[in-house]
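All remarks here apply to the structure that follows.
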Amino acid sequence: SSEHLDYAGEAQFTPDAALDRAAFQLRWFDRWLKGIDNGVDREPPVRIYVMGGGGGHRTTEGRLFVGGRWREEREWPLARTVYTPYFLHAGGARSPRAPGASPPTTYLFDPKNPVPTLGGNVSSQGKLMFQGAADQRGRPDFWLTPDTKPLSARNDVVVFQTAPLTEDVEVTGRIVVKLWASTDGPDTDFTVKLIDVYPPHADFPAGVDLNVADGIVRARYRNNLEHEELLEPGKPYEFTIETYPTSLVFKRGHRIRLDVSSSNFPR
């Protein structure tokens with residue numbers, strides 16, 4: 001972006017987060033197209049901005065101070081990654097502990113009343129939606145949210161979350177959801193959204209449910225985008241939903257949450 005932003009939606013990062021992309025690219029072109037020995041080829045090949053750690057106060061612009069820092073790495077994905085499964089439990093828990101037998105969690109989805117998009121990786125913005133992070137609560141001036149209730153209060157949003165974290169947890173890299181689900185129709189969509197749940201703060205008395213990443217799968221294309229396979233109603237299937245990768249420190253006292261539904265509209 002030519003704007004050199006140090007924020008994304010309602011999330012404020014550190015002042016050095018803004019990337020001057022044109023200058024960044026120019027150094028690369030100077031080295032490889034003009035032969036200028038500016039050292040760009042000797043720098044670490046990966047630079048990531050690790051979000052989080054900002055304390056969560058409200059800035060003068062009204063944003064949530066998420067904070068973060070740049071870090072140099074030698075490879076991607078990081079070789080020291082510890083791939084950690086978190087399991088979804090009946091009753092809404094989410095933990096590294098594998099679940100036992102339990103009845104399925106169900107919800108009723110009506111495509112005429114879709115779960116609205118609040119922030120995220122949207123390519124167009126304006127009256128209907130905006131890019132970046134957003135507290136996952138409705139706002140009267142926003143399309144499809146007639147009140148200020150959190151999206152988690154909807155009956156068609158199933159929430160799975162950890163207990164408040166006892167220590168900081170960094171999540172850097174790919175995020176893949178393996179969802180076992182069935183539907184009573186021949187086809188539907190399944191959506192997932194990773195959320196950083198901020199505890200109550202003097203500036204945000206209700207806390208903040210901050211979106212981190214989201215993804216979707218159309219059931220009939222679960223195995224192959226070229227070839228549709230309709231579902232057998234009531235039969236459980238495994239769906240793989242991958243979001244964009246991220247790098248974020250979930251702070252001590254926060255919760256790591258996954259929302260499951262069947263829409264994220266209009267995204």
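A few comments on the model shown:
- Database remark: amide H of A213 closer than 5 angstrom to the amide H of L194 (H placed geometrically; neighbours at sequence offset of 5 or more, or on other chains; Pro and chain starts carry no H).
- In order through the stretch 32-40: 3J(HN,Hα) via Karplus (6.51 cos²θ - 1.76 cosθ + 1.60), integer Hz, x for Gly, Pro: 9, 9, 10, x, 6, 7, 9, x, 5
- Under Stokes-Einstein, with the Kirkwood radius over Cα pairs as Rh, the value for the stretch 73-214 at 37 °C and 0.692 mPa s is 187 µm²/s.
- Of the options (1) 139, 52, 25; (2) 43, 43, 38; (3) 63, 47, 39, only one is Cα extents along the principal axes in Å as computed from these coordinates, and that is (3).
- Here's the list of lysines a cross-link from K127 could span, going by alpha-carbon distance under 26 Å and ignoring same-chain residues fewer than 8 apart: K112, K149, K193.
- For the peptides 4-16, 38-50, the ranking by packing is 4-16, 38-50, with the highest mean count of neighbouring Cβ atoms within 10 Å listed first.
- FRET efficiency estimate (nearest 0.05) - Cβ-Cβ, K235 to T105, R0 25 angstrom: 0.90
- Placing a label point 7 Å from the Cα of D20 along the Cα-to-Cβ direction, the residues of the stretch 45-88 whose backbone N falls under 18 Å of that point are 70.
- Which of F13, N264, F142, positive extreme of dipole for the chain (C-beta unit charges): F13
- In this structure, the amide hydrogen of F87, modeled 1.01 Å from its nitrogen in the peptide plane, lies closer than 5 angstrom to those of S95, R97, counting only residues at least 5 positions away or on a different chain.
- Using the alpha carbons alone, the radius of gyration of the stretch 190-267 stands to its Kirkwood radius in an Rg to Rh ratio of 1.10.
- Under the Karplus curve 6.51 cos²θ - 1.76 cosθ + 1.60, θ = phi - 60°, whole-Hz ³J(HN,Hα) for the stretch 64-80, x wherever Gly or Pro sits: 8, 7, 7, x, x, 7, 7, 9, 9, 9, 8, 7, 9, x, 5, 5, 8
- The amide H of F239, built 1.01 Å from its N in the peptide plane, has L179, W180, A181 as neighbours under 5 Å, considering only residues 5 or more places off or on other chains.
- A simple charge model with +1 on the Cβ of Lys and Arg, -1 on the Cβ of Asp and Glu and nothing else charged puts the dipole of the chain at about 360 debye relative to its Cα centre.
- Peptide packing for 136-146, 51-61 was compared via the average number of neighbouring C-beta atoms within 10 Å per residue; ordered from the highest value, the list is 51-61, 136-146.
- The 3J(HN,Hα) values that the Karplus relation (6.51, -1.76, 1.60; θ = phi - 60°) gives for the stretch 130-137 are, in residue order, 9, 7, x, 7, 8, 4, 7, 10 Hz. Gly and Pro appear as x.
- Distance between modelled label sites at L144 and Y83, nm, 7 Å Cα→Cβ extension: 3.3
- Estimated translational D of the stretch 139-214 in µm²/s (Stokes, Kirkwood radius over Cα pairs; 25 °C; 0.890 mPa s): 158
Computed from the coordinates by the stated procedures, all read-outs in this text should not be read as laboratory data. Here the structure is a predicted model, which is why all the values come from computation and not from measurement. Counting neighbours? That spans all protein chains shown, and the Cβs are built from the backbone with ideal geometry, glycine included.
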